[in-house]
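Worksheet for the structure shown next.
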Amino acid sequence: MINSGKTVKLLLSVLSMVVASSVANATVYGNDPRKQVPQDYSKYTKPVGVVTKAGTSEVVGTAFLVGECVIQATFHSTFLDRRDPVSMRVKTVEPVLGHELDFHIGSRDVTSGRFEESERVKVIKINDYDSKDTYLQFKDQTFLASPSCLGKKYGYLKTKQAAQPARPEGKLMVIGYHQDRFDKPGITIEEGCQVQDQSSSLIGFTMDCSTMPMSSGSPVLEKQSDGEYLVVGTSLMGSDKHFEKYSPDNASWMGHSYAYLDLLNSVTIQEIPAHVLRARAPQSTSKATKLATAPRAVVR
């Protein structure tokens with residue numbers, strides 16, 4: 001629940017500040033709780049990879065398998081065009097179904113090649129993201145089809161089926177790729193951080209988990225009473241410094257899974273490669289105009 005009217009007002013003002021921040025920003029708290037682990041560290045780390053612009057090595061964000069043939073990423077990473085070198089604002093290309101990226105998974109020793117596998121993937125679902133809307137800016141998700149169904153090999157993460165955007169109360173685990181550690185083998189993980197406050201939009205939460213360029217789209221998992229972890233959202237943005245401890249003024253932000261559950265549940269494994277990967281011209285979404293997205297603290 002929202003802590004108080006004062007907190008809501010504060011979080012809104014903080015969110016506005018964060019939205020205006022640099023895409024090269026990062027937030028790390030205390031004595032840097034992140035650690036580097038092998039990709040096969042657990043069943044939760046195996047399904048997490050990165051997306052790059054098609055045919056390039058430009059990493060635009062973290063992404064993860066949510067089904068045998070389905071990958072989840074952020075909108076602003078999927079459609080990233082460029083960032084203004086002066087204002088640092090992120091610009092996007094027109095969001096269309098069929099837009100292509102490359103997905104890379106199976107991190108290994110960087111001296112022998114960064115990933116085990118890479119494949120061209122296509123956008124099959126787009127959420128109603130709008131950087132200028134306090135509510136819709138948390139609907140920062142897209143879903144992509146994996147033509148070889150990489151989830152059969154690497155597994156996939158399960159998302160908590162929330163009936164409402166209730167605040168996650170359990171310990172969190174965030175898994176992704178961070179720019180300052182990308183030259184190291186393995187994948188970056190943080191365990192034990194927590195949700196702190198809820199935005200007035202009800203689908204955005206602050207958390208004391210670390211963010212860093214390239215970690216946009218990292219799955220945020222909550223530990224359940226049976227010891228299992230379920231995805232409760234994705235890492236979206238952060239502040240621009242290393243802080244000793246969390247406060248609303250330096251918060252990292254996550255989008256709650258409630259914001260995209262309907263889309264996720266509509267993308268069944270059976271739907272995937274057949275109709276999506278058939279050769280056809282990309283179709284525009286209802287947002288026919290190019291969007292200038294909010295600058296994000298966790299985009300390369």
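Just a few scattered comments:
- Test result for Pro165, touching a Ser or Thr at 6+ places or on another chain (Cβ under 8 Å), part of a loop (DSSP other than H, G, I, E, B) and not aliphatic (A, V, I, L, M): no
- Residue count, the range 174-188 (criterion: farther than 15 Å from Tyr29 by Cβ and surrounded by 21 or more Cβ atoms within 10 Å (Cβ to Cβ)): 4
- Considering Val174, Val96, Val110, Val123, the condition of being among the aliphatic types (A, V, I, L, M) and in contact with a His (Cβ under 8 Å, 6 or more places away or on another chain) is satisfied by Val123 alone.
- The listed residue being at pLDDT below 90, on the phi < 0 side of the Ramachandran plot and among the basic types (Lys, Arg), out of Lys160, Lys184: Lys184
- Residue list for the range 100-144, restricted to those being part of a strand (DSSP E or B) and basic (Lys, Arg): Arg120, Lys122, Lys125
- Residue count, the range 66-94 (criterion: modelled with pLDDT of 90 or more and either under 23 Å from Asp128 (Cβ atoms) or out of contact with any Pro (no Cβ under 7 Å at 6 or more places or on another chain) (or both)): 13
- From Leu230, Leu202, residue being in a strand (DSSP E or B), surrounded by 17 or more Cβ atoms within 10 Å (Cβ to Cβ) and either at negative phi or among the aliphatic types (A, V, I, L, M) (or both): Leu230
- Looking at Gly238, Gly217, just one residue is modelled with pLDDT of 70 or more and either crowded, with 24+ Cβ neighbours inside 10 Å or of a type in the set (Val, Ile, Thr) (or both), and that residue is Gly217.
The values are calculated or read from the model by the stated rules, or taken from the named source; none is laboratory data. Note that the structure is predicted; figures quoted are calculated from it, not measured. Glycine also receives a Cβ, built like all others from the backbone with ideal geometry; neighbour counts cover every protein chain displayed.
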